[in-house]
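Below: the structure, in structure tokens.
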Amino acid sequence: MMSSSTVAGRHATDPPHILVVRNDKLGDFMLAWPALACLKAGAPEARVSVLVPSYTAPLAQQCPWIDEVILDPGDTGRAAQRELLERLRRERFTAMLTLFSTPRIGWLGWRAGIPCRLAPATKWAQLFYNHRIVQRRSRSAKPEYLYNIELAEALLEATGRTPAPRPSPPFWPLPPGMAVARRESLATEMALDTCAPWLFLHAGSGGSAVNLTSTQYAELATAVDSRLAARGIRPQWLLTAGPGEEPTACELRDSLGARGLQAAVLPSRESLADFAMTLAVADLLIAGSTGPLHIAGCLNLATAGFYPARRSATALRWQTCNDATLRLAFSPPTDAGESDMAAIDLQHAADAISALVCRRVAARSAS
């Protein structure tokens, strides 16, 4: 068992100070929130710091399971690396959990003298860690967020604690009434009908994820809209976009409008955190396997995700962390190419999505 007295300047009675590293993309970071919740459940007295890039820092500052945010400068030169190293030394961490390891981060933790360092047993970066967990993530046998939870539980055990029962969604719990207040504010800003279901659609890919085309999204939205109209439901479509994706969203809005759908583009938000809070008003979010989809998952919203069938990017591996009753996932069939998104049966997807929306509308009416 690791004692906090092994760190110079700390006392045995001091609460543990844990550094968690997930310093890559937005979706990856959101899938770390269940592991952060697991750490806080198993060691509620611990101080949890995260090392993240500036891009995801605004959301890290909103996470209820994080006490401190440290910015990772990335590979920006020796001076920045020395400054980060000195920061880690001053913090006197008792443990370090690296959810996605690189040699640079492993070296930093080792040089900082963090006594308990745990990471997946992958590549040569594992040499910098004294606790390594074999996961074989490349096999995509389970969701990414579950791999992260298992690492958090292993860290708790390595520091002499028994993991608590695993937390359940939402992994981003909002204060009571916040989503309602946000919905009313957005309705005023955009002149929206608060009684209609709000279906958010994020057609962008973030520059990396394999996704449906705008034409496919238009076909899907039209099919969903017609099924809901047959049940007397007229949804409001809200199209979101990342940096540089606004023209695509506007083009899709015009296409949906020409088909008779009520569609609008969400105006640019002040920050990534403000954008995430706006997603909280959605009755359902449709997207590829991108950051917005996983923000919605953490908020425990209804989601419909579109994934390739590639082994490293399957719907199982990158499953959202919302309740199982709230998530839908669609991929190319087994007899199609693994990235052939055109092979996805959009009419089948529209059936499932419209049924989920109807259930959400009924649940909201009953509450």
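Results, tabulated for the structure shown:
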| quantity | calculated |
| --- | --- |
| Cα gyration tensor, region 91-210 - rounded (a/c under 1.5), prolate or oblate | prolate |
| Virtual spin-label span in nm between Asp193 and Val134, 7 Å along Cα→Cβ | 5.9 nm |
| Using alpha-carbon coordinates, inclination of helix 178-190 to the longest axis of the chain, degrees | 50 degrees |
| Calculated FRET value between Ala229 and Ala181, using beta carbons and R₀ = 41 Å, to 0.05 | 0.90 |
| The chain - accessible surface per residue (Å², probe 1.4 Å) | 43 Å² |
| Acute angle (nearest 10 degrees) that the helix 246-258 long axis makes with the longest principal axis of the chain, alpha-carbon atoms | 30 degrees |
| Separation of the Ser312 and Ala352 label points, Cα + 7 Å toward Cβ, nm | 2.5 nm |
| Whole-Å distance, taken between Cα centres, linking region 90-148 and region 12-67 | 14 Å |
| Exposure rank, largest accessible area first [Cys250, Cys116; 1.4 Å] | Cys250, Cys116 |
| Using alpha-carbon coordinates, inclination of helix 144-158 to the longest axis of the chain, degrees | 20 degrees |
| Theoretical ellipticity at 222 nm over the chain - DSSP helices of four or more residues, -39500 (n - 2.57) apiece, nearest 500 | -11500 deg cm²/dmol |
| Per DSSP, loop GluC sites (Glu not before Pro) in region 215-298 with at most 10 further Cβ within 10 Å | Glu270 |
| Label-point separation, Lys123 to Arg269 (7 Å along Cα→Cβ), nm | 3.0 nm |
| Which of His348, His202, His131 is most accessible, then next, and so on - probe 1.4 Å | His348, His131, His202 |
| Per-peptide average of other Cβ atoms within 10 Å, ordering 58-67, 160-169 highest first | 58-67, 160-169 |
| Rounded D (µm²/s) - the chain, Kirkwood Rh over Cα pairs, Stokes-Einstein at 20 °C, 1.002 mPa s | 99 µm²/s |
| Cα shape, region 227-367, gyration tensor, a/c 1.5 rule | rounded |
| Solvent-accessible area, 1.4 Å probe, carbon plus sulfur percent, for the chain | 52 percent |
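The values are calculated or read from the model by the stated rules, or taken from the named source; none is laboratory data. Bear in mind the structure is a predicted one, so any value in this text is a computation, not a measurement. Cβ coordinates were reconstructed from backbone atoms using ideal geometry, including for glycine residues, and neighbour counts include every protein chain displayed. Remember, those area values only see protein heavy atoms, side chains included, never the ligands or the DNA or RNA. Shrake-Rupley method; radii C 1.70, N 1.55, O 1.52, S 1.80 Å.
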